[in-house]
Amino acid sequence: MNKEWSELNKTMQAQIKKKETYQNGLETLSALRSSLMETVMTFYDELDRQEFDAMPFINADGYHSKNIAYSLWHIFRIEDIVAHTLINGDEQVFFSGSYQRRINSPIITTGNELVKEQIAEFSSALDIKELLSYIAEVRESSETILKQLHFEELKRKISDERKEELLSLNVVSEDENTVWLIDYWCGKDIRGLIQMPFSRHWIMHIEASLRIKNRIHP
């Protein structure tokens, strides 16, 4: 793991556990996400459209077996779902911003159900510039939600009502390799969600995307 990102993530996790350092933790999280977004922007600055779909490690076991377009979709669909449906109880950016049409996506899910050539076929349909607009809007809305969270709310579990709302939206595939996500998210408290979809999840997939970029665009 990138040393800077790893240290920021470790510091943030320790800070949000204590009321007196909670606000510092949110600032550390913001710094981590800003650093990661700088890397995302290098993809847009340096790669051509076809390189977003490249899968040089298609048969590998790991996140780098995907491609960059898919990875960005996956990171921010998950964050949108968790931030809005599960934490804030409001409408996802994906729906309020008509992003399925704008991005030209054949799916509304997280994409966990897709493998190998399915990932390549999916990502090739995406409007990459509109995907960037979605990324920016999700990031901004999530960080607004985080700033409004009080320390005492971090122990709040996801309610049965919000879990039912998540199920009704069909944004998590019923595929047996994917449906576990619902219980995984809903089994965590708000602190646990901050420690995964909002931070560590970004790191894992952006590091994998860097590995892909370094192979196809040395």
Handout entry: Long-range amide H partners of Asp189 with built H, under 5 Å
Key = none
Fill in the blank from the handout: Averaged over all viewing directions, the convex hull of the alpha carbons in the range 41-109 casts a projected area in nm² of 5.8 nm²
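Please list Asp45, Asp183 from largest to smallest accessible area, probe radius 1.4 Å, with all protein chains kept in place. Write out the running numbers ahead of the final one.
Working: Asp45 120, Asp183 95 Å².
Most to least solvent-accessible, the answer reads Asp45, Asp183.
Run the helix sum for the chain: -39,500 (n - 2.57) per DSSP H stretch of 4+ residues, divided by residue count, reported at 222 nm to the nearest 500 deg cm²/dmol.
Working: 12 runs with 132 residues, N = 218.
Taking each H run of at least 4 residues, the total per residue is -18500 deg cm²/dmol.
Determine the per residue accessible area of the chain with all protein chains present and a 1.4 angstrom probe, expressed in square angstrom.
Working: 10330 Å² over 218 residues.
With the other protein chains kept in place, the chain gives 47 Å² per residue.
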Exercise for the section: Send over the Kirkwood Rh of the range 19-79, from the inverse of the averaged 1/r over different Cα pairs, rounded to one decimal Å. Expected result: 13.6 Å
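The values are calculated or read from the model by the stated rules, or taken from the named source; none is laboratory data. This is a predicted model, so every value here is computed, not measured. For the accessible areas, the whole protein counts, side chains as well, though only heavy atoms, and no ligand, DNA or RNA atoms are used. Shrake-Rupley method; radii C 1.70, N 1.55, O 1.52, S 1.80 Å.
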